[in-house]
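Notes to accompany the following structure.
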Amino acid sequence: MTAIRYALLWFLLLVSNNAIRAQNVDIESNGGNNHTPSAANGGHTIEGKVSTSTGDSNMPQQWLASTRIIVNYGEYFGFLKRDGSFEISNLQPGSYLVEVTHPDYFYEPIRVDINSKGKIRARKVNYIQTSSVQQLPYPLKFKPKGPFKYFQIRETWKLTDFLFNPMVLMMILPLLLLLVLPKMINAADPETQREMQNMQMPKYDMPELSEMMTSFFTGGSSSKSSQQLALKNKASKKKQ
Amino acid sequence: MVKKWKAIDKLSFLLIAALIKVSLCLYEDQVSKWDFRQSFVGRLKHFVAYDTHSTPTIVLGTEKQVLASIYLKNGSLNWRHVFECGPFNAARVEKEDGNVITVNANGLYVRSWNAKSGSLVSEYRLPESIVTENERNSDYFNFYIKEKGNEIVCAKFHQSSNRKLQFYVYTFKSQNVKESKIVAISKQLSPKDCAFVNENYFVCLDVNSLEISYVSLNDDVKFTTLSLSYFGLQSSGVPENLKLVTFNHQPDVENPYFAIDLNGDGHVLIRFENKELKLVKIFPKVKQLYIESVSFTNSESKYGLFMLISKPESLKNDVDESANVKVNKDLHQFKVAIFDMENWQEDKALMGHFTVKSNSPIIVNSMFIIPLLQSQKYSYKILISTIDGSLFLSSPQGRISWRREEALASILSAEILDLPLSELDATIEQTLGFSSENILTQFLNRVSSQIIQLQTYFTKIIADSMEAISPSIVNERGDENDENTDFDGSDLQSSGKELRTLVRDKFGLHKIIVTVTEFGKLFGIDTLSGKIVWSVFDTDLRNSLRLNPPKKLSIFVQRTTAHFPYSAKCTIVSKDGLILSFNPITGQIEDKKQLNTQVKQTMLLYHVDNTYLKGILILDKDNFVHLYPETTNQVLNKHKDTYFIVVGEEKTGLLEGYGFNAFSDENRKANRVWSLTLPTSESSSKSRLQIVFKRHGEHVHSQGRVLGDRSVLYKYLNPNLMVVTIEGTDPTISEFGKKFSFITLYLIDAVTGSIIYSTIHKRSKGPVFVVHSENSVVYSYYNEKSRRTEISSLELYEGKTQVNATSFSSLHRQVIRPFIEHQNFIFPTGISSMVDTLTEKGITNKHLLIALPSGGILELPKAFVDPRRPINPTMEHREEGLIPYVPELPIPSEGIINYNKSLVSVRDIITAPSSLESTCLVFAFGLDIFYTRVTPSKTFDILKDDFDHWLIAGVLLILVGLSYLSKWLAARKTLNNAWK
């Protein structure tokens, strides 16, 4: 049942397509006296229209100058009129690939088949299954699919990126521990200070880190004297 | 099935996109940093229109089938259209609405254009009774477009015999054709000798019998023939190259003028008066004539005759100078005189005078006058097109506004060469040269050379500072140059400063591109600025190339700049035996020689003589060997057993290999070693044979490929392997009377002539582009059955063991048959040229550079066309880094190396290594030229161009500062503690 319905639909589609095409042919043969060289005058003509990204009816000069219409990789060319329409004439029956190239915008190519009777069919380009037909409207319509991305985006230096870098975080945390924590303890009330003193830590077994650093930076002799000074100082503190 | 493909397609596309993103792609701020594009139009053929209103432009038609609009101010392009194949017959501006009408492909396309925007207004076609599709490329036609633009007059020589001629008048509005009766015409005449004087008169000039025939189209169409002696013109000796000159603007339509160019000796002005020819005036020594409306100083607006005279004194001077070329160019003086056409009075006030600098002769091809009306005062500009393709615009006061080198639109071949060492480095080289002497002299040499270095260093500083003080001398005309650096306007002149800065840089990125053009003009182009460093026009080369147009002409680099103190030397050998040798850095022609024989094949010797010069071996049509220079005879004699040469004949498909083992001073004949006839098409004219060798002196870095299981697959690296492709048509298979074309490919050992591999692609046609390097062959063709371009890839392997790792001999390794991997891919657009990248040592990955018809150059990693790409990937394949097989190759926009600088009709791309292993230099030419550099494996050997020196320096400074600050703080703390 469904198969039949599909077949019917397909048939309808075909009919309607043919009707549209027949209309086109009619228009062509009527208007043959004006501009379009009709098929009788040797060769067939592919017609189409290229639109810009903004959809202007009149193409900007820049767009006109930089857009090219290439058929079969350069065998024939089409040229744009002011309104973006184009014609490719003097074509024998056969299959043609129509490409629109613009340096900044991408257009999808369309394959156009002209049979020996002069009927024209446009379809999607499929390189893998070359016989598959996915019909497209004729006269051809080319719309930009979007701008080309030729360039990489350069990474910019940001403060937040720098700060949240794990290496930087690893450096900052110990620094915090070193600088802030002792102060927090110092700021506490004298009771805790006394407690600390009561803990009877072995004071002089380990050299203090800060002193090591100072000795490292200030150099030998002066550091010794300063150390001695510091020692004396602490000793006097104790006596007090 | 479709869905499955799509799914695979998408997946692989993602993968591929990711891969490409990693390897390629510019940043937006790198635009024009390393690349330049220059756009050309070709040598002028039709001067169509001028528009001197708001933004003055001129419209030109050229020999490259281009219609272009050029700004009068700076010579840059406004718009440009390239037409389909077939001659560009005629172009003219319509009088009423200013549209430009063009006729091309013998009237298959008659188009009307808007001159301002370049948009198409309407398109017509001459009816089939006049021209058919088969006559697209024929030369049976002459066209004339009426000034009103409503009619085209056409003369057709019937092809049956060239003796019959018929005229047609085509009217656009009604699409009507009026036919004349068929007239008989002299046998010797061809459309080239004939021209329309206007819509009523058609004139032919018979160069051999010195007769003029003319016909009036108004009444009875019948030829009248007159001898030139009727006008009292007598020729002494053989007259050559008489030419008809017609004028676009005629003061009187009924009685039009035309002229005969006496090949530089002068012009004869002739006029139709009452349908009869009358000699008006003879202008001896006049180079060009032109008729244009003029407002004379002492009378009202009338038509004037402009004539161009180049001063004979300067010409003589030029002949002397061309023998010993100097840096400072010679001046060529030109004079434009204007005559009132009624009373033949010269108007001295309007006379023009200008000079052009050039070190080679300037032969004017055509001159045009562009009248200007500036604040009620009449003035004009002179547009001159020369035979060597340069186009320049001058004012009568002698100021040259711009100059275009249109010869660059027809480059035949190009080479990228190293620049010489700077003076400083050269002296170091010199000291290293004397290593054979004893220690004391070496020491003295060393000391003296270092003193010289110091001296040159100081003199350089002094010279530079002198230049800085007086910059006006060097940049005499620099301001003009700057205006149009973006395009082509590169002026010929190269000042002394430029020549001095042409020295090698540290990374070998600054090089010189040497090109040979179809017009016999040679150019040297600086790769950094894109400016023309030197240009030389040689008339002998021009004639040779014009008579025997080659498909490809190699520039042989006989000696590079690496052998100080010997200068570099390049040589070209034309088909008819003209040898032209020149210095690629200065452009100085060093030697010119004519062999009195046709050249069959040429080859550059591998071995150098004692001046580091590689000889050129020339095989003439009788298989005699000529060597250039003669002195390299001994080199060939010494190594004669190792030289072989291959000659392929296109028509018959005959391949012949020649050896030189019997070569001696007496016997200069090459002996045939092998011959092979490959099948081509029956109609031999259609077939095309192509032989591709590997690059001369290619570096192969790795002898094999490491597989997933850690074993090595050794490459088959036969240096004598050549790829032979034949494009032909198969007469036996046909469908609907249409013969199928085929492409065959052979891999042949050039020494023994043994075929290693062959394959055929039925129902396929060219053009075939072959990339042959290391152990791989990549080629492209068009599959007519599936209507798509396909790229086929071959790789040759010896197997898991290597027979002889140190050397390869074609003679002793007959037994080894390489095994070959072969895979086809679909390329989703056409290909106009394909090459591979080249680096110094071959370590960097190879990428393919493919020129697309859309104007882009695609950089495609060679891994994509690896024939070993597996359909069902296993772990081992993944280990090896193979991409799973997908039939369709991607064209990511990130891989387009020329981004939006599109190139029209690319003819070829050449690549050259720089001194950096990562970087490859690329030069593409066609109608446009484009130069850039690519880094297939990214720049791994130098810092990136965006490397932030300031950030690194800043961080370092801050660190040092902070450590001192902390030292000071620590000291203060301890002091404070001490005082507590």
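Within segment B:875-888, being surrounded by fewer than 21 Cβ atoms within 10 Å (Cβ to Cβ) and touching a residue at least 40 places away in the same chain (Cβ under 8 Å) holds for B:875, B:876, B:877, B:878, B:879, B:880, B:883, B:884, B:885, B:887, B:888.
Tallying residues that are among the polar types (S, T, N, Q), more than 19 Å from residue A:106 (Cβ to Cβ) and at the interface with chain B (Cβ under 10 Å from one of its Cβ atoms) within segment A:145-161 yields 0. Residue count for segment B:55-72, restricted to those that are touching a helix residue (DSSP H, G or I) at 6+ places or on another chain (Cβ under 9 Å), surrounded by fewer than 24 Cβ atoms within 10 Å (Cβ to Cβ) and among the hydroxyl-bearing types (Ser, Thr, Tyr): 0.
Within segment A:88-108, restricting attention to residues that are within 8 Å of chain B (Cβ to nearest Cβ) and closer than 30 Å to residue B:37 by Cα, the residue that is surrounded by the most Cβ atoms within 10 Å (Cβ to Cβ) is A:99.
Tell me, which residue of segment B:64-77 that is assigned to a strand (DSSP E or B) and over 15 Å from residue B:46 (Cβ atoms) is nearest to the other protein chains (Cβ to nearest Cβ)? Only one residue tops the list, namely B:77. Restricting B:915, B:937, B:893 to those that are hydroxyl-bearing (Ser, Thr, Tyr), surrounded by fewer than 22 Cβ atoms within 10 Å (Cβ to Cβ) and in contact with a Leu (Cβ under 9 Å, 6 or more places away or on another chain) reduces the list to B:915. Summed over segment B:116-143, residues that are more than 19 Å from residue A:45 (Cα to Cα) and of a type outside the set (A, V, I, L, M, F, W, C) total 8. The C-beta contact set for segment B:145-156 (first residue within 8 Å of residue B:172 (Cβ to Cβ), second residue surrounded by fewer than 19 Cβ atoms within 10 Å (Cβ to Cβ), distance under 6 angstrom, 6+ apart or interchain) comprises B:150/B:172; B:151/B:169; B:151/B:171. The numbered conditions (1) free of Cβ contacts under 8 Å to residues at least 60 places away in the same chain; (2) buried (at least 20 other Cβ atoms within 10 Å of the Cβ) are all true for residue B:381 except (1). Cβ-Cβ contacts under 9 Å between residues 6 or more apart (or on different chains), taken from a first residue in segment B:619-648 that is more than 12 Å from residue B:662 (Cα to Cα) to a second residue that is assigned to a helix (DSSP H, G or I), are listed as B:627/B:633; B:627/B:635; B:627/B:636.
You will find that of B:763, B:788, the residue that is charged (D, E, K, R) and free of Cβ contacts under 8 Å to residues at least 24 places away in the same chain is B:763 and no other. Selection over segment B:808-862 of residues that are within 30 Å of residue B:939 (Cα to Cα) and among the aromatic types (Phe, Trp, Tyr) gives a count of 2. Can you confirm whether residue B:944 is closer than 24 Å to residue B:418 by Cα and within 11 Å of chain A (Cβ to nearest Cβ)? Yes, satisfied. If the condition is being at the interface with chain B (Cβ under 7 Å from one of its Cβ atoms) and more than 20 Å from residue B:99 (Cβ to Cβ), then segment A:63-74 contributes A:70, A:73, A:74.
Among the residues making up segment B:575-608, those that are surrounded by 18 or more Cβ atoms within 10 Å (Cβ to Cβ) and touching a Pro at 6+ places or on another chain (Cβ under 9 Å) are B:581, B:585. Residues in segment B:105-115 that are farther than 16 Å from residue A:84 by Cα and either part of a loop (DSSP other than H, G, I, E, B) or out of contact with any Ser or Thr (no Cβ under 8 Å at 6 or more places or on another chain) (or both) were compared, and the one that is farthest from the other protein chains (Cβ to nearest Cβ) is B:115. Scanning segment B:540-573 for residues that are within 30 Å of residue B:36 (Cα to Cα), within 18 Å of the chain's Cα centre (by Cα) and of a type in the set (S, T, N, Q) turns up B:554, B:571. In segment B:818-832, the residues that are at negative phi reach residues that are outside any strand (DSSP E or B) and of a type in the set (Ser, Thr, Tyr) with C-beta atoms within less than 6 angstrom, at least six apart or across chains, in these pairs: B:818/B:716; B:826/A:127; B:828/A:127; B:830/A:73.
Is there a residue in segment B:790-809 that is within 14 Å of another protein chain (Cβ to nearest Cβ) and touching a strand residue (DSSP E or B) at 6+ places or on another chain (Cβ under 6 Å)? Yes, segment B:790-809 has at least one match. When you look at residue B:666, is it of a type in the set (Asp, Glu) and part of a strand (DSSP E or B), yes or no? So residue B:666 fails the test. Residue A:57 fulfils the conditions (1) more than 10 Å from every other protein chain (Cβ to nearest Cβ); (2) surrounded by 21 or more Cβ atoms within 10 Å (Cβ to Cβ) except for a single criterion, (2).
Looking across B:152, B:130, B:182, one residue alone is within 14 Å of another protein chain (Cβ to nearest Cβ), among the aliphatic types (A, V, I, L, M) and over 34 Å from the mean Cα position of the chain (by Cα). It is B:130. For the structure I just gave you, tell me whether residue B:80 is over 20 Å from residue B:40 (Cα atoms) and within 14 Å of chain A (Cβ to nearest Cβ). The answer is no for residue B:80. Which of the residues that make up segment B:832-875 are among the hydrophobic types (A, V, I, L, M, F, W, C) and either in contact with a helix residue (DSSP H, G or I) (Cβ under 9 Å, 6 or more places away or on another chain) or within 14 Å of chain A (Cβ to nearest Cβ) (or both)? Across segment B:832-875, the qualifying residues are B:834, B:848, B:850, B:851, B:852, B:857, B:858, B:860, B:863, B:864.
Evaluating residue B:829 against the criteria (1) surrounded by fewer than 17 Cβ atoms within 10 Å (Cβ to Cβ); (2) within 14 Å of chain A (Cβ to nearest Cβ) leaves one unmet condition, (1).
Read-outs: derived from the displayed coordinates by stated rules, not from any lab. Because the structure is a prediction, the values reported are computed rather than measured. Glycine also receives a Cβ, built like all others from the backbone with ideal geometry; neighbour counts cover every protein chain displayed.
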